[in-house]
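For reference, the structure is listed below as structure tokens.
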Amino acid sequence: MTPTVRRTLLVALALLALSLGGLRRGLWTPDEPREAEIAREMWVHPGVIPTLNGEAYVEKPPLYDWLVTAAFDAAGGPSAAAARAVSGIASLLTLAMLGAWTIGLAGGRVAAIAVLLLATTSGFAVSTHWVRIDATLALFVTVAVAAAWRALSREGDARSLAVFYAALAAALWTKGLIGPVLVAAGLLVYAAMSRSFRVLAPLRPVVGLAAGAAAVAVLAGAIAATGGREALWQWGYVNHVRRFVDPEGTGHKAALPYYLWTLPLTVLPWLLPVLDLVRPRARFWARDAEAAPLKRYLAALVLGGLAVLTLASTKREVYLLPLLPPLAFLAALGIADRLDGIRRAEAAGRWLRFAAVSQLALVALAAIGPPIAAVVYRRQLTVPVAIAGAAGAGALAVVIHALRRRDAEAAVHAALGAAVVGWAGILFAVMPLLEPRKDLAPFVAKVCATLPAGDPVYAVGEDETLLGIVPFATGRRVVPLDLRELDAPGGATHLPEYVVVQSKDRTPPWPGIDARYQVVASQEFGTSRRIALWKIKESG
């Protein structure tokens with residue numbers, strides 16, 4: 001077996017483990033119960049407009065839910081693992097797409113660095129193990145930008161153009177206009193950096209605009225035909241315009257520079273390679289004129305996407321996910337340039353020495369920090385955590401050995417391996433310890449088992465998480481209870497026997513419930529969520 005084949009197999013095995021590991025855990029708050037239940041209801045009642053707890057949920061187009069329902073069919077029915085598998089497979093395909101794109105332009109060494117960087121970046125590793133839309137959106141955006149570059153560099157390759165516009169249509173049907181807008185923003189920045197908008201001519205933008213308008217019209221028509229004007233208004237205005245300009249009614253309000261501190265956290269533990277790209281007078285941007293357009297293109301994708309996300313009033317760190325593949329490609333090119341500079345015996349400089357030590361510290365934090373935190377959290381050392389800690393320490397020892405030998409290439413590969421080991425430890429040893437505090441399903445199922453058969457679950461303080469986990473775990477519908485009914489005259493005979501009460505952020509108990517009901521079971525989840533089952537007090 002040649003070294004190249006061996007390296008390819010090792011990288012493939014690492015990516016398989018990181019993408020498909022940890023899929024069997026329960027549905028964690030806050031997003032997973034909602035998304036899984038929406039897909040389950042789509043599985044029961046196929047259609048165009050998703051529903052949650054039986055009510056129309058016109059926030060996102062249906063493609064992601066269709067994919068999850070296909071996973072349910074393949075698994076023999078709804079389950080957390082089947083729902084999460086869509087994100088896991090999307091992450092694996094994104095890594096494969098990035099690897100194929102990178103190896104064709106920069107060779108196997110850069111491709112291996114790029115895919116391992118992306119796979120072990122905190123934002124990617126966390127988001128692609130979650131039941132939510134963003135991993136699938138990132139896949140389609142990555143396919144689109146790779147196809148666009150192929151069309152640009154080959155002056156309008158027909159097959160690449162077809163893939164480009166098909167991927168944009170899939171992104172549109174996954175999460176709405178945000179996917180195509182992120183790509184368009186990156187392309188416009190690339191044209192501005194190239195000082196000519198004619199550089200985009202191979203993409204045939206006029207044809208693209210017409211095709212995009214047709215794709216939007218088809219989606220809007222399908223929504224209107226199924227849900228009427230109200231559904232179209234919710235999708236077209238509330239979830240596009242209002243989310244951009246008015247976060248008060250749509251949630252996730254954040255300050256304008258939100259991504260200034262969120263992006264560094266998202267790229268951990270690879271903060272230093274990213275910072276190395278923005279150093280003043282960095283030779284990386286001036287060297288190798290042939291690769292300069294590609295570097296500009298990758299930088300433009302990141303900067304254009306960041307501009308769009310920053311201008312939007314609604315912000316979340318997971319929205320950065322589609323920008324991470326081009327950023328990983330760019331960082332891999334920067335690392336390769338640094339390694340080539342060391343081979344050319346260029347002066348290392350204080351920055352490079354500082355970066356090497358700092359990057360080792362960040363990798364050490366990723367490799368052995370989670371097992372240590374798990375021991376502190378549980379106040380005991382479990383066998384899986386001990387194995388994860390030992391593996392992480394061993395991987396760090398390999399990195400230190402390579403650094404002491406002054407073998408920069410080996411040190412980079414060893415650091416990537418240590419990050420892989422660290423994330424494997426998180427997935428297989430550390431995350432299971434958080435299950436009791438994050439998975440509501442066992443408690444909800446136990447509580448609902450005490451309710452009269454066939455009755456809905458009457459709830460106070462419900463949110464989308466509770467509206468999702470109750471029907472997903474029990475098949476029962478949630479009926480929100482109006483608190484004013486508790487204070488109505490005429491006694492409590494008309495009130496339900498049981499009420500599920502959810503409180504968050506230390507919300508005080510409701511007086512009406514205190515007066516008429518008593519707690520029979522309760523449990524806390526996360527840092528502030530508490531769910532309790534209240535039973536009406538016996539008369540007399």
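All of ALA151, ALA169, ALA138 fail the test of being at pLDDT 95 or above and part of a helix (DSSP H, G or I), apart from ALA138.
Residues of region 357-382 being open to solvent by 70 Å² or more (accessible area, probe 1.4 Å) and either among the aromatic types (Phe, Trp, Tyr) or at pLDDT 90 or above (or both), which ones?
First pass over region 357-382, keeping only residues open to solvent by 70 Å² or more (accessible area, probe 1.4 Å): 357, 365, 372, 376-381.
Residues satisfying the conditions are ILE372, TYR377.
Within region 130-148, can one find any residue that is farther than 19 Å from LEU320 by Cα, open to solvent by less than 30 Å² (accessible area, probe 1.4 Å) and not acidic (Asp, Glu)? Taking every residue of region 130-148 in turn, at least one turns out to be farther than 19 Å from LEU320 by Cα, open to solvent by less than 30 Å² (accessible area, probe 1.4 Å) and not acidic (Asp, Glu).
Have a look at LEU303, LEU323 and point out the one that is in a helix (DSSP H, G or I) and open to solvent by less than 20 Å² (accessible area, probe 1.4 Å). Walk me through it before giving the result.
Numbers: LEU303 fails: open to solvent by less than 20 Å² (accessible area, probe 1.4 Å).
The conditions single out LEU323.
Residues of region 261-281 being assigned to a loop (DSSP other than H, G, I, E, B) and open to solvent by 70 Å² or more (accessible area, probe 1.4 Å), which ones? It would help to see each step written out before you state the result.
Of region 261-281, the ones assigned to a loop (DSSP other than H, G, I, E, B) are 267-270, 278-281.
Selection gives VAL278, ARG279, PRO280, ARG281.
Yes or no: region 397-407 includes at least one residue that is touching a residue at least 12 places away in the same chain (Cβ under 8 Å), open to solvent by 40 Å² or more (accessible area, probe 1.4 Å), over 30 Å from ALA332 (Cα atoms) and part of a helix (DSSP H, G or I). No, every residue in region 397-407 fails to be touching a residue at least 12 places away in the same chain (Cβ under 8 Å), open to solvent by 40 Å² or more (accessible area, probe 1.4 Å), over 30 Å from ALA332 (Cα atoms) and part of a helix (DSSP H, G or I).
Residues in region 56-95 that are without any contact (Cβ under 8 Å) to a residue 12 or more places away in the chain and open to solvent by 30 Å² or more (accessible area, probe 1.4 Å): ALA70, ALA74, ALA75, GLY76, SER79. Taking the listed residues ALA214, ALA231, ALA222, ALA201, the one that is more than 30 Å from LEU161 (Cβ to Cβ) and assigned to a helix (DSSP H, G or I) is ALA231, with no other qualifying.
Restricted to region 504-536, and to residues there that are charged (D, E, K, R), closer than 18 Å to LYS438 by Cα and surrounded by 12 or more Cβ atoms within 10 Å (Cβ to Cβ), the residue that is modelled with the lowest pLDDT is LYS504.
Kindly indicate which of GLY77, GLY47 is assigned to a loop (DSSP other than H, G, I, E, B), within 28 Å of VAL216 (Cβ to Cβ) and of a type in the set (Gly, Ala, Ser). Talk me through it step by step, then tell me what you get.
Details: GLY77 fails: within 28 Å of VAL216 (Cβ to Cβ).
Answer to the check: GLY47.
For region 100-109, which positions are part of a helix (DSSP H, G or I) and either of a type in the set (S, T, N, Q) or surrounded by fewer than 22 Cβ atoms within 10 Å (Cβ to Cβ) (or both)?
The first filter runs over region 100-109 and keeps only residues part of a helix (DSSP H, G or I), leaving 100-106, 108-109.
Listed by number, the residues that qualify are ALA100, THR102, ILE103, GLY104, LEU105, ALA106, GLY108, ARG109.
TYR190 fails exactly one of the following numbered conditions: (1) surrounded by fewer than 23 Cβ atoms within 10 Å (Cβ to Cβ); (2) assigned to a helix (DSSP H, G or I). What is the number of that condition? Of (1) surrounded by fewer than 23 Cβ atoms within 10 Å (Cβ to Cβ); (2) assigned to a helix (DSSP H, G or I), only one is false for TYR190: (1).
Here's the yes/no breakdown for (1) in a loop (DSSP other than H, G, I, E, B); (2) open to solvent by less than 30 Å² (accessible area, probe 1.4 Å):
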site: PRO432; (1), (2): no, no
site: PRO436; (1), (2): no, no
site: PHE443; (1), (2): no, yes
site: LYS446; (1), (2): no, no
site: ASP455; (1), (2): yes, no
site: TYR458; (1), (2): no, no
site: GLY468; (1), (2): no, yes
site: PHE472; (1), (2): no, no
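Here are the criteria: (1) modelled with pLDDT under 90; (2) touching a helix residue (DSSP H, G or I) at 6+ places or on another chain (Cβ under 9 Å); (3) open to solvent by less than 70 Å² (accessible area, probe 1.4 Å). Tell me which single one VAL318 does not satisfy. VAL318 satisfies every listed condition except (1).
The values are calculated or read from the model by the stated rules, or taken from the named source; none is laboratory data. Computed from a predicted structure; not experimentally measured. No Cβ is skipped: glycine too gets one built from the backbone with ideal geometry, and neighbour counts run over all protein chains shown. Each accessible area value is taken on the protein alone, full model and side chains, heavy atoms only, with ligands, DNA and RNA left out. Shrake-Rupley method; radii C 1.70, N 1.55, O 1.52, S 1.80 Å.
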